[in-house]
Amino acid sequence: MLRQPFSVAVLITLAGVIPFLALGAIVLLDPLGSQTAIEVLISYGAVILSFTGAVHWGFALRDTAHPVNSTPLTPATLGAERQLLIFGIVPAVIGWLALSVMLHFQAPALALFLLLVGFFITIVAETIGRGRGVVAANYLTLRWAVSIIVLLVLLTVLATVLTGMRVG
């Protein structure tokens with residue numbers, strides 16, 4: 001089973017969800033540890049959001065670095081590859097903004113909101129990319145499953161901060 005790269009990707013992706021779940025649980029269950037857990041959650045979320053953008057660079061460079069039968073890519077394909085490269089930067093910028101807002105302005109609610117927006121934009125863009133044949137179906141299924149979990153954790157933590165149940 002683990003000989004297929006996608007099987008390994010599934011396991012690694014599921015392992016990557018564990019910190020979101022654990023930190024979300026700490027925020028909900030440990031009032032004294034919630035501030036640190038919120039900060040670590042925002043930091044981890046920013047890193048993972050950046051990674052989701054980097055995947056698009058892999059999609060874009062896969063075809064341009066190794067063209068099939070050395071066949072030149074069509075202008076339409078090259079345009080799509082450029083869009084992937086440009087979009088690949090967006091999640092990293094949003095993650096950086098979220099981290100900066102938390103670190104320099106002590107605004108965890110805004111940081112959590114930015115991460116929510118970033119993860120949502122990314123999965124919507126990937127869904128559009130699937131319709132254009134850029135994103136593989138199995139990858140998109142995995143990303144939706146994980147994105148739902150991440151979005152729910154971030155939304156729950158944001159709600160606890162906004163209602164004053166926890167201070168970030």
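Free of any trypsin sites (Lys or Arg not before Pro) that DSSP assigns to a loop and that have at most 15 other C-beta atoms within 10 Å, the longest stretch within the chain is 4-131. Shown here: the range 102-168, whose C-alpha atoms stretch 43, 21, 14 Å along the first, second and third principal axes, sorted largest to smallest. Sorting V161, V135 from the fewest to the most surrounding beta carbons within 10 angstrom yields V135, V161. Around the Cα centre of the chain, unit charges on the Cβ atoms of Lys, Arg, Asp and Glu (plus for the first two, minus for the last two) sum to a dipole of about 280 debye. Here the Gaussian network model covers the chain, with springs between Cα atoms less than 10 Å apart; of L14, L155, L41, L14 fluctuates the most.
Helix 5-29 axis versus longest C-alpha principal axis of the chain: approximately 20°, rounded to the nearest ten.
Using equal-weight Cα scatterers in the Debye expression, the normalised intensity of the chain in log10 at q = 0.19 Å⁻¹ is -1.16. A Förster radius of 35 Å combined with the Cβ-Cβ distance from L61 to L21 puts the calculated FRET efficiency at roughly 0.65. Structural descriptor for the chain: relative contact order 28 percent, calculated from alpha carbon pairs under 8 angstrom and at least 6 residues apart. Any chance you could give the angle, 0 to 90 degrees and rounded to 10, that helix 137-162 forms with the longest Cα principal axis of the chain? The answer is roughly 20 degrees.
Readers should treat all values here as calculations from the given coordinates under stated rules, not as data from a laboratory. Just so it is clear, the structure is predicted and the values come from calculations on it, not from any experiment. Reconstructed Cβ throughout: ideal geometry from the backbone, glycine too, with neighbour counts over all protein chains shown.
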